[in-house]
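One structure is given below, encoded as structure tokens.
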Protein chains: 2
Amino acid sequence: MRSPLILLISAPSGAGKTTVADGMIAATPSLRRVVTCTTRPPRAGEVDGRDYHFLEVAEFAARVERDEFLEHATVYGKSYGTLKRSVVALLEEGQDVLLNIDVQGAARVREEARRDPLLDRALVTVFLTPPTLGELERRLRGRGSDSEEVIRRRLEAARSEAARWREFDYLLVSATREQDLARMQAIFTAETLRRDRNDLHLGE
Amino acid sequence: MRSPLILLISAPSGAGKTTVADGMIAATPSLRRVVTCTTRPPRAGEVDGRDYHFLEVAEFAARVERDEFLEHATVYGKSYGTLKRSVVALLEEGQDVLLNIDVQGAARVREEARRDPLLDRALVTVFLTPPTLGELERRLRGRGSDSEEVIRRRLEAARSEAARWREFDYLLVSATREQDLARMQAIFTAETLRRDRNDLHLGE
């Protein structure tokens, strides 16, 4: 019997954490995404409870008030949040949980986890970063669609986010997609083998 | 810059740790074996300083007296030991060090490491065990060459060694050779990515 873990992947914006997160979900049968809550309206094809829990603004605010979120944030006027009980429910089923969260959200998760032994024991945090700020800028510009102003603002944000790498358990300096995924898988596998997540019954 | 690590692999006798250790050395360019000391005479083809440091009994005893060994043991009247300074010299060159040591020796290494911050920071301990004692017995018998008495004695020793799995950082319940090696490599890779073994300079 192994106790489940929360793999929290964070990164400065533009570092490519969603690619690695998607790769981990595809490659790891025991690993599940949490369905998060949002106040933005569903897009075509999105299903409530599968893609997101779509909440009214007042309902979201009430849940913030009741401290039900592990982390939440507002981006361009729309709120997004991860319910504590969604994570706990998966862990209690023995599932491992993937959280793909920005640096500010990761700090909140870490804080919440400290107050809950189940979460604290499960939590493993990984910081993915490009090797240099120059490389991060190249990736941000590579998208091609953003204005100079947007790029400069994102680069500034990324710079201060990247400075927070010491808050994480693991540091993954990104290389190719394949290498990033292989190393993230190594972290996951190693964490499943930690003695304090396992029990051994040798029998006779 | 990454600080080097000591990968200590231990197991009950007969669990196959030497196979995994050999595989790790073959697969990992940064990982080095330590040349250990012994009082047994060289065999044909063995070279002093490459295969072992061959020591006179009095010389070995003097080094024990001066507390120069990280761990040492006597097996069938011959002494074997790992010099602290051999391990430290490799770490100071930035090499990772592989130690393939029995359960008693592993406990001594852990104790010594607690007294030396360089060793303590570097040390990662893995316990390799067959899934059941029945499987361990099957493996011991599979060698075919030992008497019933020897097998019983080794099984008894292995049973009490296996009970000490909680002393290690990682628990690796052995499956196939390939799987054991892949999981040991995952542990090694993950440990090289731990934030406290790394430094990040993003530059501009």
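Nothing in this text is a laboratory measurement; each read-out follows from the coordinates by a stated rule. Note that this is a predicted model, so its numbers are computed, not measured. Cβ coordinates were reconstructed from backbone atoms using ideal geometry, including for glycine residues, and neighbour counts include every protein chain displayed.
Below is a table of values for the structure above.
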item: Segment B:Arg85-B:Thr176, extension gain: residue separation times 0.36 nm, minus the distance between their alpha carbons; result: 29.2 nm
item: Order of A:Ser174, A:Ser3, B:Ser145 under a 10 Å beta carbon neighbour criterion, fewest first; result: B:Ser145, A:Ser3, A:Ser174
item: Total charge dipole magnitude, chain A, about the Cα centre, Cβ charges on Lys, Arg, Asp, Glu only, Debye to nearest 20; result: 460 debye
item: Chymotrypsin sites (Phe, Trp or Tyr not before Pro) restricted to region A:1-85 and DSSP loop, no more than 12 other C-beta within 10 Å; result: A:Tyr76
item: Nitroxide proxy distance, nm - points 7 Å out along Cα→Cβ at A:Val47 and A:Asp146; result: 3.3 nm
item: Qualifying lysines (Cα of each under 30 Å from Cα of B:Lys78; at least 8 residues distant if same chain); result: B:Lys17
item: Calculated label separations, B:Ala62, copies of the chain, 7 Å along the beta-carbon direction, nm; result: 8.3
item: Calculated label separations, B:Arg33, copies of the chain, 7 Å along the beta-carbon direction, nm; result: 4.8
item: Cleavage-rule hits (trypsin sites (Lys or Arg not before Pro)) in region A:1-50: DSSP loop, at most 16 neighbouring Cβ within 10 angstrom; result: A:Arg43, A:Arg50
item: Counting DSSP beta bridges with both ends in chain A, the antiparallel % (nearest 5); result: 30 percent
item: Scattering profile of the protein assembly as shown at q = 0.08, 0.15 Å⁻¹ [log10 I(q)/I(0), Debye over alpha-carbon scatterers]; result: -0.54, -1.39
item: Within a Gaussian network of chain A (alpha carbon springs, distance under 10 Å), most fluctuating of A:Val75, A:Val150, A:Val103; result: A:Val75
item: Distant-in-sequence amide H partners of B:His53 (H built 1.01 Å from N, under 5 Å); result: B:Thr36, B:Cys37, B:Thr38
item: ³J(HN,Hα) computed for each position of region B:52-64 - Karplus, 6.51 cos²θ - 1.76 cosθ + 1.60, integer Hz, glycine/proline x; result: 8, 8, 7, 10, 5, 4, 5, 5, 4, 4, 5, 5, 4
item: Shortest-first distances to equivalent copies, position A:Arg121, nm, label 7 Å out along Cβ; result: 3.1
item: Listed residues A:Ala158, A:Thr18, A:Thr36: farthest to the positive end of the dipole of chain A (Cβ charges); result: A:Ala158
item: Per-residue Cβ neighbour rank within 10 angstrom, fewest leading, A:Arg114, A:Arg139; result: A:Arg114, A:Arg139
item: Calculated FRET value between A:Arg121 and A:Ser160, using beta carbons and R₀ = 25 Å, to 0.05; result: 0.25
item: Vicinal HN-Hα couplings computed from phi for region B:191-198 (Karplus, 6.51 cos²θ - 1.76 cosθ + 1.60; Hz; Gly/Pro x); result: 5, 5, 9, 4, 3, 6, 9, 10
item: Taking N as its residue count, the alpha carbon Rg of chain A over 2.2 N^0.38 Å; result: 1.08
item: Separation between Cα centres of region A:80-108 and region B:14-49, rounded to whole Å; result: 44 Å
item: Region B:62-161: GluC sites (Glu not before Pro) falling in loop per DSSP and having at most 13 other Cβ within 10 Å; result: B:Glu93
item: Calculated FRET value between B:Glu65 and B:Asp196, using beta carbons and R₀ = 35 Å, to 0.05; result: 0.50
